[in-house]
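A quick write-up on the structure given underneath.
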Amino acid sequence: MPYYVEERGRIAILHFNEGENRLNYYSVKSILKCLDEIEANLDFTAMITLGHDKYFTLGLDLDWIGENMSTNFHLTQQFTQDLSTLYYRLITFPIPTIAAINGHAYGAGTFIALCHDMLIMREDRGYFCLPEAKLTLPFRSEMTRVLVRKRIPLSIQSTALLSFPFSAADALKYSIIHAHCPLSKLLDTCREQAERLAGSKKGLDRDNLKRIKLGVFDWATIAYSEDQKDLSNPKKSSFSAYSKSKL
């Protein structure tokens, strides 16, 4: 299965295992279904998201978007709404979340990582990059707010405005990630941090953590609501720009 949940004790591991892990209607639906599965299992106390081989995720599947823009526009619109939902659910997920960045994270895939509570990156391979500026692609409102509210201004300038590709060492230097380690230790390091974040075998109170996240990230609720309204209006679609370039 390209996207699936693995149980490691009380830790849920969300696997991205579809090559470059490009994001389209079907992959995002699969990821959302995995989040449903994790949230429904009250035994889970934390979640780790892990890519495959040298890719965490390379972002939007622009080939798929380009193919469906004219023939199945409503499907591409639904995909954009679902992607916005994915960002919001990750930001406000009721258990601690860790992005195990095993390789390249680009574009929308970078935002998926940023929406986690903690980011730990493989130290010897892979880049963390937002190439939108160089590809003449826009940021939607919730994407901009994730950058501004969850990362320091200096890193925003380099990642978003200059499309600078960060190695693990650079990403740690600019406080974009929390830690890096060898690939051989990545999952174990993430599991150790997940157990620490969970606090105890019982884990954190989900309802309380959800309330805290909704309060700390109140801007996310506003941005999500605005984005859903905009995305339901075909005249405001940004896919015309997406279809001209490739992440």
Subject >> Lone qualifier among 100, 12 - being touching a strand residue (DSSP E or B) at 6+ places or on another chain (Cβ under 7 Å) and under 21 Å from residue 146 (Cα atoms) >> reply: 100
Subject >> Condition broken by residue 183, with the remaining ones in (1) closer than 25 Å to residue 85 by Cα; (2) modelled with pLDDT of 90 or more satisfied >> reply: (1)
Subject >> Residues (in a loop (DSSP other than H, G, I, E, B), surrounded by 16 or more Cβ atoms within 10 Å (Cβ to Cβ) and more than 17 Å from the chain's Cα centre (by Cα)) located in the stretch 51-77 >> reply: 69
Original post:
So how many residues does the stretch 20-36 have that are out of contact with any Asp or Glu (no Cβ under 7 Å at 6 or more places or on another chain), assigned to a helix (DSSP H, G or I) and within 12 Å of residue 3 (Cα to Cα)?
Top reply: 6
Original post:
If you go through the stretch 124-148, how many residues are touching a residue at least 60 places away in the same chain (Cβ under 8 Å), crowded, with 16+ Cβ neighbours inside 10 Å and farther than 26 Å from residue 226 by Cα?
Top reply: 1
**OP:** Among the residues of the stretch 31-50, write down those that are over 14 Å from the mean Cα position of the chain (by Cα) and either surrounded by 16 or more Cβ atoms within 10 Å (Cβ to Cβ) or of a type outside the set (A, V, I, L, M) (or both).
**Re:** 33, 36, 37, 38, 39, 41, 43, 44, 45, 46
Original post:
Of all residues in the stretch 135-173 being assigned to a loop (DSSP other than H, G, I, E, B) and of a type in the set (Lys, Arg), which is modelled with the lowest pLDDT?
Top reply: 151
Original post:
Taking the stretch 174-215 as the search range and keeping residues that are touching a helix residue (DSSP H, G or I) at 6+ places or on another chain (Cβ under 9 Å) and outside any loop (DSSP other than H, G, I, E, B), which one is surrounded by the fewest Cβ atoms within 10 Å (Cβ to Cβ)?
Top reply: 214
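The values are calculated or read from the model by the stated rules, or taken from the named source; none is laboratory data. Everything quoted here is computed from the prediction, not taken from an experiment. In this analysis, Cβ positions are derived from the backbone assuming ideal geometry, glycine residues included, and neighbour counts consider all displayed protein chains.
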